[in-house]
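What follows is one structure encoded as structure tokens, with my remarks underneath.
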Amino acid sequence: MIYAFQIVNGLGLGMLYCILALGLSVIFGLLRFINFAHGEMFALSAYLVFVVQYFGGSFWLALIVVPLAVMVLGWLLERSLIQFTYNRSHTVQILVTFGIALVIRESLTWIFGPQPHNVTAPESLSGFISIVNFTFPEYRAFVIGLGILTTACFWYVLERTRIGAIIRAASERSEMVMLLGYDARKIFSGAFCVGIALAGFAGVMFAPLRGVDPNIGAEALGIAFIAVTIGGLGSYSGVVVASLILGVAQSLMSTIWPEGASLILYIAMAAVILIRPNGLFGKTV
Amino acid sequence: MERRDFLKGAAGAALVVAMPELVRAQAKKIPFVHITPFSGALADLGPDTEIGCKVAIELLRKERKLDFDYLRVDSESNPSTAVRKMQEAASSSGARLFVGANLSSEALALGKEARNLGAIYVTSAGADEITGKDCTRAMFRWAVPTRGAVEGTIKPLMSLLPNAKRWYAITPKYVFGDALLSNTERVLKQGGAELVGNSYHSLTEKEFSGYLVNAAAANPDVLVLHNFAAQGAACLRQAVSFGLKTKMKIVMVWSAGLDQLLSLGPDILDGVYVGAQYWHTTDIPANKAFVAACAPFSKLPPNNNTAAGYAMTMAIAAGMTSNEVDTAKIIENMQGKSLEGVTGPETIRDFDHEITKSYFLLKCKPKASMTNPYDLADILKTSSIYPTQAESLCKFS
């Protein structure tokens, strides 16, 4: 019974990881851009939820406002810094985004202090769902449901709509798309902002689960990179499958070999890199 | 030469001659190093501990004319970095007096390095080895060790909850967690209860849902959290969100004190039992004076780290009779000294260099019972449990 519940818990955990990794996957998959500031955008959003609640605002307000606010910040960064690195080496991209990450992290520490802070889940989702002898938090169930909805909507837009086709085409052959009359720079800018908004969305959803502290961004970036690497760089469905595998593996390991529950994430990544260097669903670049 | 020019020249020459004396007078300040994590996994320890050090230094300057030159060193929550930085501080400033609220692994490494440097190091880390088998003559400790913390929380809780026979633990896998776990297991066995299971986790873990599922499956009467600081807070938050507080009692054996409880809030904490090295409402004159002295430095009441910074600094000062730093003499003077500490009477033991103090078992209150935002818990039990000399594994080499 415990293994069955660990699988249920793991699928939920995997869905959380999926939300976290989606934004990174969008930015890397479409732009071939390595965003080391992804985790700190996540952390910034989580702190903004804390600020909204501190001033008496509701979680629901934060859920709408914070991803938009972080998206605006992403757009400003893209216009002022990031766009100049699209055609540069990955080293340059890493250095620029790592610098942004450091500025955000140190600013958060400076403003809010190194201590963790609590973020409360909405009152309406503070109960539990009972499954035989186990209980599962309603808020986690809500996050999983919203994660599935977001993932499905995203997949539909990218794979089944005209705008999705243009975005995918721009990522494959930007010159051709420009010759057809579309502004590839605007498409890239839009894709970057959507990726950042997804990081913001993940930050809002995670805040009541973990609280906020200055190190949550680094942890989030690590998990997102593992999911994207295992799933295959640029593979949208790969990220979903990889995240679910990671969640279930970590949860099951909590019972089988608890000390290795976190380690399994890195072992899985190392194994995939060795056996399938392009990831489970990745294409040869 | 004009008379005026001669006088100017003479005054200048006198200043030059006197200069080394002035420099020497300034150099008489005693380099005093506070080496604690200000970054890394336990970055929250540094700033609060620093307040305690500064309160003590100010008091010592006024009342005992001891003039410390405070130097802050970030140990980065990393033992090898901490040792390197201790060496650098010793060679660059000649510092021989060190205090730090460190990770146990950092403290053990720093204790050995302090001995090599001929320095004194006072820590508030928790592992039993610090004043046990890995003790050094250079190292002192202001904190009830893991054994005392477990006996100060689990034992009274067993009396309060006589029907609680099944206990489950969640433990970080490193020297501190292992020490808490082995003591918990021993105390439960002695009291006729059973540790029905334990989930180890890594020191970087933030996702505890899998371990909480293990705990729920074991169906214990009490869930014992051995994790510390941000991990302890994350684990407790998730335990409450998974509904475990409604099914079992929860005890956090070694909390980080007020700041940690504030970060969790009364909704999560209500009914949770918490062990603490310090609690700001302790009703003794030394603590009241300390709380008042901290007020200019912080809007919040002092927490465990602030108290540790203060107590560690005062312990070193207890061995000093002047601004001269003769570490062998200071160590000799410190041994056997009795102090009026912020948790109650303190004694610096000569055979293991424990600075004995009190440990508190708190019970967190519901929000409705709080009289102010910091009134989060009541003290249920105060204890001071240390190994006896016969039990001590400390053998100074």
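What follows is calculated from the coordinates using simple rules that are stated; it is not laboratory data. A quick note: this is a predicted structure, and the numbers were derived from the prediction, not measured. Every residue, glycine among them, receives a Cβ derived from its backbone with ideal geometry; neighbour counts consider all protein chains shown.
For this structure, a couple of remarks:
- Taking other C-beta atoms within 10 Å as the exposure proxy, B:357, B:85 rank B:85, B:357 from fewest upward.
- Whole-number D in µm² s⁻¹ for chain A, Kirkwood Cα-pair radius fed into Stokes-Einstein, 37 °C, 0.692 mPa s: 169
- Our estimate of slack between residue B:202 and residue B:67, defined as 0.36 nm per intervening residue step minus the Cα-Cα distance, is 44.3 nm.
- Highest-first arrangement of A:234-247, B:43-56, where packing means the average Cβ count within 10 Å: B:43-56, A:234-247
- Extending 7 Å from Cα along the Cβ direction at residue A:1 and again at residue A:270 yields two label points whose distance is 3.7 nm.
- Per residue Cα convex hull volume in Å³ - calculated over chain B: 149
- Kirkwood-Stokes translational diffusion coefficient of the protein assembly as shown, alpha-carbon pairs, 25 °C, 0.890 mPa s, µm²/s: 90
- Stokes-Einstein D (µm²/s) once Rh is taken as the Kirkwood radius of segment B:131-262 over alpha-carbon pairs, at 20 °C in 1.002 mPa s: 142
- Cα pair distances in segment A:132-241, grouped into 5 Å bins until the bin that holds the longest one, percent each: 2, 9, 15, 20, 19, 14, 9, 6, 3, 2, 1, 0, 0
- For peptide B:233-246, the mean count of partner chain Cβ atoms within 10 Å of a residue's Cβ comes to 4.
- Approximating the spin labels as points 7 Å out from Cα along Cα→Cβ, the residue A:163-to-residue B:194 distance works out to 6.0 nm.
- Helix runs (DSSP H) in chain B reaching 30 Å along axis by Cα, Kyte-Doolittle at least -0.5: B:3-27
- Net dipole in debye of the protein assembly as shown [+1 Lys, Arg Cβ; -1 Asp, Glu Cβ; about Cα centre; nearest 20]: 500
- Annotation: amide H of residue B:143 within the under-5 Å range of B:355, sequence separation 5 or more or interchain, hydrogens built in the peptide plane.
- Rg to Rh quotient for segment A:1-47, alpha carbon positions, Kirkwood Rh: 1.17
- Amide H contacts of residue B:265 (H built 1.01 Å from N, under 5 Å, at least 5 apart or other chain): none
- Residue order, fewest to most surrounding Cβ atoms within 10 angstrom, among B:359, B:278: B:359, B:278
- At a Cβ-Cβ separation cutoff of 4.7 angstrom, cysteine residues of the protein assembly as shown with no neighbouring cysteine are A:18, A:153, A:193, B:53, B:235, B:294, B:364.
- Residues A:204, A:132, ranked from the fewest to the most other C-beta atoms within 10 Å, line up as A:132, A:204.
- With θ taken as phi - 60° and the Karplus curve 6.51 cos²θ - 1.76 cosθ + 1.60 applied, the whole-hertz 3J(HN,Hα) list for segment B:378-394 is 9, 7, 8, 7, 10, 9, 8, 10, 9, x, 6, 4, 5, 7, 5, 9, 6 Hz, x standing for glycine and proline.
- Amide proton proximity set for residue B:30, modelled H, under 5 Å, gap of 5+: B:67, B:68, B:69
- Nearest-20 debye value, chain A charge dipole, Cβ charges on Lys, Arg, Asp, Glu: 720
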